[in-house]
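One structure is given here, and the rest of the page talks about it.
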Amino acid sequence: MVDTRNDSTVTEFILVGFEQSTPSTRALLFALFLALYSLAMAMNGLIIFITWTDPRLNSPMYFFLGHLSFLDVCFITTTIPQMLIHLVIKNHTLTFASCLSQMYLVFGVGVAECILLAFMAYDRYAAICHPLSYAQIMSRQVCVKLVSTAWFFGLINGILLDYMTFRGPFCRDNHIENFFCEAPIVITLSCGDPQFSLRVIFADAIVVLLSPMVLIVISYARILASILGRSSSSGRGKTFSTCASHLTVVIFFYTSAMFSYMNPRSTHGPDKDKPFSLLYTIITPMCNPIIYSFRNKEMKGAMVRALRRSSLSQAESV
């Protein structure tokens, strides 16, 4: 705990989260977030299973989708179970090492997802604009390298951001006004001037968020030009429908991430941070599989086949 003396040092943090809410409100939030977390885990788990086992879903798009769902599972598991525990117990303390580890995983997985979304946009560009050479451009070996690149840069970037967040001692208030260790909030609790670390994280967010966004915009600009150049309106609609799911996911993810890490801290506050933190930590991972499932006939067909196989195996075991 933090001491009030000038030479005191923080050895643990307190996640304020929703502790100021009434017991009935916390009980309602617990039930709601548990339901959302369970739905997100079930849907993403199903997508991982069918994209990695269904032979009809062996295209690069579904290979990337399976890894996107795996990233979503890692992302929500890093923050939401802890929040659920804190909604039912009074002890909201988190050790220094636990806070550092959680922040590293959030950064690493979040950055990997940003990069993976950009590679998924490039995959759609290759499929639509270069259909004859698509198999060579997006071979299995290339897809594995792209996914590995996303993970590599995500985990390396996590080390940098963790260092910038925890490079100085902490001797101020140890209350974090959120339900997980979010870097900009933690930095403001450190001793000395936190502006350098905040500027580095802001610059990193520009590179990490905007660089993949540039690739996404370029890919879809070329896709749009290709679609508009086609004479058949039905063909244009069918082609664009394959991109609509990915575009929706990109908008959800980037809107919340940009607000959290690219806005001046003077515009932030607990009432603004928490809703956007909830958006990209649980709502977006939950919506991703739903968006892809309901807008994609092949995914719906694969899910139906998977459920049928499960029902048949249960019936045979009875």
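The values are calculated or read from the model by the stated rules, or taken from the named source; none is laboratory data. Since this is a predicted model, take the numbers as computed values, not measurements. All Cβ positions, even for glycine, are placed from backbone atoms using ideal geometry, and neighbour counts span all protein chains on display. Just the protein is used for accessible areas: all its heavy atoms, side chains included, with ligands, DNA and RNA removed. Shrake-Rupley method; radii C 1.70, N 1.55, O 1.52, S 1.80 Å.
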Mind giving me the FRET efficiency for Gln136 and Thr77? R0 is 51 Å, r the Cβ-Cβ distance, nearest 0.05 is fine. 0.90
What is the Cα centroid distance between region 53-70 and region 16-51, reported in whole angstrom? 25
Place the peptides 207-214, 52-59 in order of packing, highest mean first, counting for every residue the other Cβ atoms within 10 Å and averaging per peptide. 207-214, 52-59
Pull up all non-local amide H partners of His175: gap of 5 or more, or a different chain, and H-to-H distance under 5 Å with H placed in the peptide plane. Ile14
Say each of Phe96 and Asn58 gets a label point 7 Å from the Cα, pointing the same way as Cα to Cβ; how far apart are those two points in nm? 5.3
Cβ neighbours within 10 Å, averaged per peptide: list 40-49, 246-255, 114-123, 84-93 in order, most packed at the top. 114-123, 40-49, 246-255, 84-93
Averaged per residue, what accessible surface does region 78-211 expose to a 1.4 Å probe, in Å²? 43
For a test of the definition: using alpha carbon positions, the gyration tensor, and the 1.5 limit on a/c, classify region 25-80 as rounded, prolate or oblate. prolate
Ser139 accessible area, 1.4 Å probe, all protein chains in place, Å² to nearest 10: 40
Which percent of the accessible heavy-atom area of region 120-170 goes to carbon and sulfur, probe 1.4 angstrom? 69
Using only the Cα atoms of region 1-105, build the gyration tensor, take square roots of its eigenvalues as a ≥ b ≥ c, and label the shape rounded, prolate or oblate: rounded if a/c is under 1.5, else prolate if a/b is larger than b/c, else oblate. oblate
Could you list the residues of region 119-139 with an amide nitrogen less than 20 Å from a label point located 7 Å from the Cα of Thr149 in the Cα-to-C-beta direction? 119-131, 133-139
If you roll a 1.4 Å probe over region 21-112 with all protein chains in place, what percent of the accessible area is carbon or sulfur? 74
